[in-house]
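To keep things clear, I will list the structure first and then write my remarks on it.
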Amino acid sequence: MYKSSIFESGITDYEAFLRENQRKVNLMLNKFLRFSILIGPLLMLAIKFGIFHSVTYTSCIIVSLLVLSLSCIHYALTQREGNTTRAAVIAFLAMDSLLILMNSAHIGIYITWFVVPLVSLLFCDFKIYAIAVVINYLMMTASVWIVAPYYAGLRVDFSSAFQYFAGRMGGFSIETVIMVVAGYSLCRISTSYYRELIEKYQILSDNKRQMNEQMAILESMSDIYEYASLINLDESTETSIRHTDEKDRHVSERIEGQADVNRKLLPTIAQEHREAFLAFANLSDAARALHDQKSMDREFRSEASGWFRAQYIVVERNPDGAPRCLIYTIQNVDKQKRREERLIRISMTDELTHLYNRRCYDADVETHRKRGMEDDFVIFSIDVNGLKEANDTNGHAAGDELLTATARCLAKAIGPVGKVYRTGGDEFLAIVVTDAPEAVVDGIKRLSEAWHGKYVDAMSLSVGYASRRDHPDANIHGLEKLADEMMYREKNRYYSTPGIDRRRTS
């Protein structure tokens, strides 16, 4: 009875449901009463066509006026909050009065008397049902008393009006008792049913509200992500958080069992990241890895959009601790990654020459130490000859020119086969992978001898090197020391040349 419209109004409290339901039943009864006003005119038509002979036009007018008055009173009470019971009583009086008038006109109605109490069951209220039964019984008694003389005179099996009255009311009383018991049972069942239904609806409403709140939070969180979805591992479904109008998408358990976005990303993943991406994207593997973790993320590079961060966040677990629901997000971090790489590059780069610095050299040495050196591993030590003289004679602009020219020369000669580092004022180191270190030295000498600058006319470099092949028992620091020794021998030869000032930066 109106449960759909009442539930749609958002009512989750039983008492509120009861009040709203009773208000709606009263509105229904009021419509019936207003329709009943037409009974008077309909009876007049029946009189005119000779259908009823015991009904007068006056009775018809009285019927219509009475129902009109009671329907107006009932409507007024219905519109006033807190008058549900009184409005119901007026409706029952109106319907029972209508039955009395029709019965007095000898229009045979019997079972209709029991319709009024049954209608009262729509209110789902024992008190209203009891009032309806009492009013109905009293009005039925009055009606039978009024017509008893008439029907007693027509029948030979009754010697008096009272005997007819007693016989008729005896039957009505038994039927009323049966109706009371049946109605009470129906009322009890219906009230219990609706109370339980309301409680369940309230639980569902609370759960829906909580879910909406959670989804609102997730949606607000998802604004920072290019992609965000809720993955239910038990049901193998994926629901987009950023696009809530999309239907659940099935998540396959095959090797491609992964979020929808991953299947689209896979063709664009950089080759060196593809294997790691497939392992990370596999939902079965992710579920196992997340058994004892709250979240897990990795960064990958896409050829199309650059670096991105993929992350799983556990939001619900099964009793055994295995993740049941995950939030899966994709966030583009290419700008951030490039900024980090730039900062790292700056921290590892010499500001003047743009070669790698001592910090980078130490980090690379540690990497090679852990990884091990191959036979063609070579360390070069290079020093600029005459830097102090250039600074003292032509100023620091000349010295800077000489250093930057040295850096370009070394980068051009060594760049294809190694890395060059500026580790001090005029000191440079290089880590090279080559089986022909002398050829590298020749390239450095050739480029340095061909250079001429604006402030300094010529460049001279002292170069030393030590290879793993020539010194298999030496470690990296040993090779560096041997390269330095060779470089200093070259420097001593340079400064032993007549006319060369031995002053130099230390």
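When +1 charges are put on Lys and Arg Cβ atoms and -1 charges on Asp and Glu Cβ atoms, the dipole computed for segment 3-202 relative to its Cα centre reaches about 280 debye.
Here the relative contact order of the chain, from alpha carbon pairs under 8 Å that lie six or more residues apart, stands at 8 percent. For residue 186 and residue 452, the difference between the fully extended length at 0.36 nm per residue and the C-alpha to C-alpha distance is 84.6 nm. Applying the Karplus relation 6.51 cos²θ - 1.76 cosθ + 1.60 with θ = phi - 60° to segment 275-290 yields 3J(HN,Hα) values of 5, 5, 5, 4, 5, 5, 6, 5, 5, 5, 5, 5, 4, 5, 5, 8 Hz, where x marks Gly and Pro. How many angstrom lie between the C-alpha centres of segment 420-489 and segment 134-155? Between the Cα centre of segment 420-489 and that of segment 134-155, the gap is 129 Å.
3J(HN,Hα) along segment 343-355: 5, 5, 5, 5, 5, 9, 10, 6, 5, 6, 8, 6, 7 Hz, from the Karplus curve 6.51 cos²θ - 1.76 cosθ + 1.60 with θ = phi - 60°, whole Hz, x for Gly and Pro. What nm value, rounded to one decimal, do you get for the distance between residue 274 and residue 481 when each label is placed 7 Å out toward the C-beta? Roughly 4.8 nm, to one decimal.
Multiplying the residue separation of residue 199 and residue 352 by 0.36 nm and subtracting their alpha-carbon distance yields 47.5 nm. Quick one: helix 84-104 against the long Cα principal axis of the chain, what's the angle to the nearest 10°, folded into 0 to 90? The angle comes out at about 30 degrees.
A simple spin-label model places pseudo-atoms 7 Å from Cα toward Cβ; at residue 206 and residue 359 they are separated by 5.7 nm. For segment 299-381, the Cα-based Rg and Dmax, in that order, read 20.6, 64 Å. Under the convention that each Lys and Arg Cβ holds +1 and each Asp and Glu Cβ holds -1, the size of the dipole of segment 348-495 around its Cα centre is about 180 debye.
Work from the charge dipole of the chain (Cβ charges, +1 for Lys and Arg, -1 for Asp and Glu, about the Cα centre) and give the residue of 385, 99, 410 farthest towards its positive end. Farthest towards the positive end: 99.
Net length available on complete extension from residue 38 to residue 298 is 85.7 nm, with 0.36 nm assigned per residue and the Cα-Cα distance removed.
For a modelled paramagnetic label at residue 371, 7 Å from Cα along Cα-to-Cβ, the residues of segment 415-443 in reach, with backbone nitrogen under 15 Å, are 417-420, 431-434.
With r as the distance between the Cβ atoms of residue 234 and residue 72 and R0 = 60 Å, compute the FRET efficiency 1/(1 + (r/R0)^6) and round to 0.05. Calculated value: 0.50.
Values in this text are rule-based calculations from the coordinates and carry no lab data. Given the structure is predicted, the values throughout are model-derived calculations rather than measurements. Positions of Cβ are generated from backbone atoms using ideal geometry, with glycine treated the same way; all protein chains shown enter the neighbour counts.
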